[in-house]
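**Student:** Could you have a look at this structure, given as structure tokens, before my questions?
The values are calculated or read from the model by the stated rules, or taken from the named source; none is laboratory data. Just so it is clear, the model here is predicted, and its values are computed rather than measured. Cβ placement follows ideal geometry from the backbone for every residue including glycine, while neighbour counts extend to all protein chains displayed. Protein only, heavy atoms only, side chains kept; ligands, DNA and RNA dropped before computing areas. Shrake-Rupley method; radii C 1.70, N 1.55, O 1.52, S 1.80 Å.
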Amino acid sequence: MADTLRIGVIGLGNIGQLHTRLLREGQIEGASLAAVCSRAPVELGVPHFTDYRTLLASGLVDAVLIATPTASHLEMGLAACEQGVHLLMEKPLGMTLSAAQQLVAASPKDMCFGVMLNQRFDPQYAKIKALLDENALGQLTRIAWVMTAWYRPDIYYQVSEWRGTWPGEGGGLLINQCIHNLDVLQWWVGLPEELYAMVGFGARHDIDVEDEVTAVMRFAHGLTGTLIASTGEAPGMNQLDIIGDRGSLRLDDNGLTFKQADQSVSEHLATSRDMFGLPDFTPTELTVGEPVNQHAAVLQNFVQACAGEAALATPVEAGLASIELANAILLSGWQQQPLRLPLNTRVFDQQLAARIAQSSLRVPREVDVKIDMDASFR
């Protein structure tokens, strides 16, 4: 890369500090940390701003990475679009689908606008995507994902003003932790046509928002799916099953296993004369690439896209579907009835606004806590 992309980081909480470290340590080729913005002064060897608008107008940055609480994403994102600097937004793109749609509509055509959907760079998830794109499983019939490895103790919420509140985040488990799973799920198989969700609000924590979800989904072409997720279950698990007419995939702690049918299940079902017979399957323990620093991978791709050397792997439009799915699951849980997609954003926004009006941000506890960001990426 001939020129170095000057990046400003807005928001220096846990995830913002991770990004500044990547830039300061030179882990992102062709980029440098040029400025930072946070409420409290910090010394990182670059100009510090307390107002993001001043940073955007300073002329010191070519791009910004916004890593602030979710409620601020719309306002800051619109300001970056107006200023014309390139933008990488931490997940989720916004609290609501309607807010995310505003950001997509506001982004100029000559602006690189990406979103931090880093789990698309997980080697196991990428391998599954490749197999599905190759139609290796044939017609899909069922997908089931138990994702309860997002365990968070109460202190995670108590030390934060905004985390896990309706005004600060617009939700909890779905919009924060499981936004990754929802993104990867729709990346693989698209959005469902209909879903029904049972949602636990403060089921395991002293919070107002959701921390436990069971959702049943119906997709096109006969595919059905379930998603079970929690931030209050330990030790938790990440177990995924994808079933098709020509085989199945299982992802769990033992790795990724592909069982390929020697004969399609539909053909065997219709023609077999063996009353209790099964098709023959060939099991294979799939080899995937070595684990990567997913955040660094997204940031590196963003830098290359800004230089015109690559296409954005996670463009702003890619951030819409996971938010629509998160909002739809919440709305189904509130209404306690099945819900068809696409989401009625007006109804969702009204119901969320009512909950925001009846709640508030949290007064954070001032206690010493242990923070190991590597342990949060599950």
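**Student:** Placing one identical point scatterer on every Cα of region 266-358 and ignoring solvent, what is log10 I(q)/I(0) from the Debye formula at q = 0.10 Å⁻¹?
**Tutor:** Log10 I(q)/I(0), no solvent term: -0.68.
**Student:** Further, regarding this structure: For region 6-81 and region 276-293, what is the separation of their Cα centres, given in Å?
**Tutor:** About 42 Å separates the Cα centre of region 6-81 from the one of region 276-293.
**Student:** Also: Non-local amide H neighbours of M237 (under 5 Å, H modeled in plane, Pro and chain starts lacking H): which ones?
**Tutor:** Distant-sequence amide H within range of M237: T148, A149.
**Student:** If packing is taken as the average count of other Cβ atoms within 10 Å, what order do 35-43, 164-172 fall into, highest mean first?
**Tutor:** Peptide ranking by packing, descending: 164-172, 35-43.
**Student:** Using a Förster radius of 22 Å, what is the FRET efficiency between A203 and R21 based on their Cβ-Cβ separation? Nearest 0.05, please.
**Tutor:** After rounding to 0.05, the efficiency reads 0.05.
**Student:** List the residues whose amide H sits under 5 Å from the amide H of L87, counting only those 5 or more places along or on another chain, with H placed 1.01 Å from N in the peptide plane.
**Tutor:** V64, C112, F113, G114
**Student:** Search the structure for amide H atoms under 5 Å from the amide H of L256, placed 1.01 Å from N in the peptide plane, and list their residues when 5 or more places away or on another chain.
**Tutor:** L286
**Student:** log10 I(q)/I(0), Debye, Cα-only region 1-152, no solvent, q = 0.11 Å⁻¹?
**Tutor:** The Cα Debye sum returns log10 ratios of -0.52.
**Student:** Show log10 I(q)/I(0) for the chain at q = 0.10, 0.15 Å⁻¹, two decimals, from a solvent-free Debye sum over equal Cα scatterers.
**Tutor:** Debye curve over Cα of the chain, log10 I(q)/I(0) at q = 0.10, 0.15 Å⁻¹: -0.67, -1.41.
**Student:** Based on the mean of other Cβ atoms within 10 Å per residue, sort peptides 288-297, 88-97, 137-146, 205-214 so the most packed one is first.
**Tutor:** 88-97, 205-214, 137-146, 288-297
**Student:** Please list, in order along region 205-218, the HN-Hα scalar couplings obtained from phi with the Karplus expression 6.51 cos²θ - 1.76 cosθ + 1.60 (θ = phi - 60°), rounded to whole Hz, x for Gly and Pro.
**Tutor:** Each residue's phi maps through the Karplus curve to give 10, 7, 9, 8, 8, 6, 9, 7, 9, 10, 10, 10, 10, 10 Hz.
**Student:** Take every Cα-Cα distance within region 169-258, group them into 5 Å bins from 0 onward, and report for each bin the whole-number percent of pairs it holds.
**Tutor:** 3, 12, 20, 24, 20, 12, 6, 2, 0, 0
**Student:** So which lysines pass the test for K109, namely a Cα distance under 30 Å, with those fewer than 8 places away in the same chain ruled out?
**Tutor:** Here the lysines satisfying the reach criterion relative to K109 are K91, K129.
**Student:** Expressed as a whole percentage, what fraction of the accessible surface of the chain belongs to carbon and sulfur atoms when a 1.4 Å probe is rolled over the protein heavy atoms?
**Tutor:** The nonpolar share, carbon plus sulfur, comes to 49 percent.
**Student:** Separate question: Could you order peptides 269-276, 303-310 by the average number of other Cβ atoms within 10 Å of their residues, highest first?
**Tutor:** 303-310, 269-276
**Student:** Kindly state, to the nearest 0.05, the FRET efficiency for S266 paired with T54, given R0 = 51 Å and r defined as their beta-carbon distance.
**Tutor:** 0.25
**Student:** For the pair E134 and M275, what calculated FRET efficiency results from E = 1/(1 + (r/R0)^6), where r is the Cβ-Cβ distance and R0 = 25 Å, to the nearest 0.05?
**Tutor:** Efficiency for this residue pair is about 0.15.
**Student:** Starting from the Kirkwood Rh over alpha-carbon pairs, what translational D in µm² s⁻¹ does region 86-176 have by Stokes-Einstein at 4 °C and 1.567 mPa s?
**Tutor:** D, rounded to a whole number, is 78 µm²/s.
**Student:** Hey, what's region 62-160 come to in accessible area per residue, 1.4 Å probe, Å²?
**Tutor:** 36 Å²
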